[in-house]
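Asker: Let me begin by handing over the structure; questions about it come next.
No lab work stands behind these numbers, since they all come straight from the coordinates. Note that the coordinates shown come from a computational prediction; the quantities given were computed from them, not determined experimentally. Heads up, the Cβs are rebuilt from the backbone with ideal geometry, glycines too, and the neighbour counts pull from every protein chain shown.
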Amino acid sequence: MLESDGLVCQYATLMFKWVFKIWLGALLCPLFPAIALSGPLSSMVVNTNNNHLYILLSSANWTDSEAEAVSLGGHLATVRNQAEQDWIFNSFGGYGGQQRLLWIGLNDTNQVFNFTWVSSEPLTYANWASGEPNNAGGVEHYVAMYYPNFNQPGKWNDWSDRTQDPIGLPFNGVVEINPVLGASRLVGGALQFSWPVAMSNAVLEATSDLSQPFSSFSYSRITNAGNGAFSVVVPATATQMFFRLRQ
């Protein structure tokens, strides 16, 4: 759990939401055994290269996987460079001894062959397999990494919104959560948060009780062109507050 002078950030939020989902699932499954949820398959893992949190989801199509990622406070993973590509593939491609194709957040649902990240970050890196993307059948709009035993392991292919590949291997979504990191306490007890300008649509939210919803609040955002980041100063409060960054 990430703490800064009593400040508990999104780690606590995610743990609460996750425990609640597990409890709710255990309650409902005996009553509704036919319901299939795209819930977490792995525990939360921190990539120490970028300090983001990652979770492998149970097998599901891209649409359901992205919806689950949003409910957990993130999106399907954005891959910004080779290091992130390698880490995601090595961490989850053969998770639990099962060959898996990994859904990431890249898609061209708005315009064919104009691929964008669901996180709204710019597309600065790609790892396409030979001959891909090809939009076979005119229905392939979602991107996944190939499984480890494929002849181009980890390479990307565009797919239809499916749960298995032609030989029956599962598609699993990889959730990426960018928690509010590096909050610093200023003179007078105020807190300063910052996040990359690429996340221009992100909103800082807060709650004083993790059993209650997070909500947005009024704040002034300053752009620091020197380091490509936004910064927000939150005045000190008399009560403990929990914060998260939502896109």
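Asker: Taking strands (runs of 3 or more DSSP E) that do not extend beyond region 119-230, which have at least 1 residues that are in contact (Cβ under 8 Å) with a residue 40 or more places away in the chain, closer than 18 Å to His52 by Cα and among the aliphatic types (A, V, I, L, M)?
Answerer: 171-177, 203-207
Asker: Okay, next question. Scanning region 99-127 for residues that are β-branched (Val, Ile, Thr) and over 12 Å from the mean Cα position of the chain (by Cα), which turns out farthest from Ala202 (Cα to Cα)?
Answerer: By that ranking, first place goes to Val112.
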